[in-house]
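J.: To start, I am sharing the structure in question, which I have written as structure tokens.
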Amino acid sequence: MTLCSAGSSCVVPVEPVRGALVPPRVPGRSSLVGVAIHLFSGTRLGDRILPVPTAHFLEYSTSECHFFNGTERVRYLDRYFYNGKEYVRFDSDVGEYRALTELGRRSAEYWNGQQDILEQKRAKVDTYCRHNYAVSESFLVQRRVEPTVTVYPAKTQPRQHHNLLVCSVNGFYPGHIEVRWLRNGQEEEAGVISTGLIRNGDWTFQTLVMLETVPQSGEVYTCQVEHPSQTSPVTVEWSEQLSDPINSLPTKEGTFLIPECQGPRLSLRRARC
């Protein structure tokens, strides 16, 4: 099969039958190709070349390892996609390739007829998945990065007006985290909005969990964060009297400095995590 760069024109040998047939491809290869395909008709290869407009097609594959309770149970998937739709896959739980669309039928039949390919794929559970798990466990599975927690109002409002309190949790790993809002020690569920998990692109995550409320004088709002990197929850407080929008600063001892009052002199107290 001839591959051409985007925007170019080339002749792609296909079988002299009507309709497009995708030949079985080699597992593990993927390509992003923009080609002008010339279809053939007639009794001989090359008769009556019919040009079609240039188009872009995306074909890619993924190799996935799914771990259940460490390496106690492992599932290996070799998946192939065309224009965003999966058309054939190898599943170690099944032990062979299965077509998910008509496009993948011939590929599945071809690969399932190659015993060397099937034996190689079946062995991937050990040679690929369990092997890589052992290599990367120390810096991936066991990796822990503590979050930085900051609480602030989205904007300053007069008293007894709706406000949006923001709990910013940033720079943590792994992604599993629980964030709660408390008012005077009681959990708040109504009016809670979350951005969900956001990837920072550096193997850490962040999330914003917001509480819509009408702050009252004397009320204390607490953002409580639980994460595998910590032995106990982190709690950061905010109250109506606090004027500094960034009202918590992490310290090396694992505590947070919380401004107690506003004015020329700002006193600080420690809130244990």
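J.: Name the one entry in V94, V151, V135 that is out of contact with any strand residue (DSSP E or B) (no Cβ under 7 Å at 6 or more places or on another chain) and outside any helix (DSSP H, G or I).
T.: On the way: V151 fails: out of contact with any strand residue (DSSP E or B) (no Cβ under 7 Å at 6 or more places or on another chain); V135 fails: outside any helix (DSSP H, G or I).
Criteria check complete, one pass: V94.
J.: Here is a list: G95, G84. Which entry is more than 30 Å from V236 (Cα to Cα) and at pLDDT 95 or above? If you could, list the steps in order and put the result at the bottom.
T.: Working: G84 fails: at pLDDT 95 or above.
Criteria check complete, one pass: G95.
J.: Same structure, new question: Report yes if A154 is over 27 Å from H227 (Cβ atoms) and among the small types (G, A, S), otherwise no.
T.: Values: over 27 Å from H227 (Cβ atoms): no; among the small types (G, A, S): yes.
No, not satisfied.
J.: Would you confirm, using the coordinates I've provided, whether V179 is more than 19 Å from H227 (Cα to Cα) and under 24 Å from the mean Cα position of the chain (by Cα)? Quick ask: steps written out before the conclusion?
T.: Numbers: more than 19 Å from H227 (Cα to Cα): no; under 24 Å from the mean Cα position of the chain (by Cα): yes.
Considered against the rule, which asks whether it is more than 19 Å from H227 (Cα to Cα) and under 24 Å from the mean Cα position of the chain (by Cα), V179 comes out as no.
The values are calculated or read from the model by the stated rules, or taken from the named source; none is laboratory data. Computed from a predicted model, the values in this text were never measured in an experiment. When we count neighbours, we look across all protein chains shown, and the Cβ atoms used for this are built from the backbone with ideal geometry, even at glycine.
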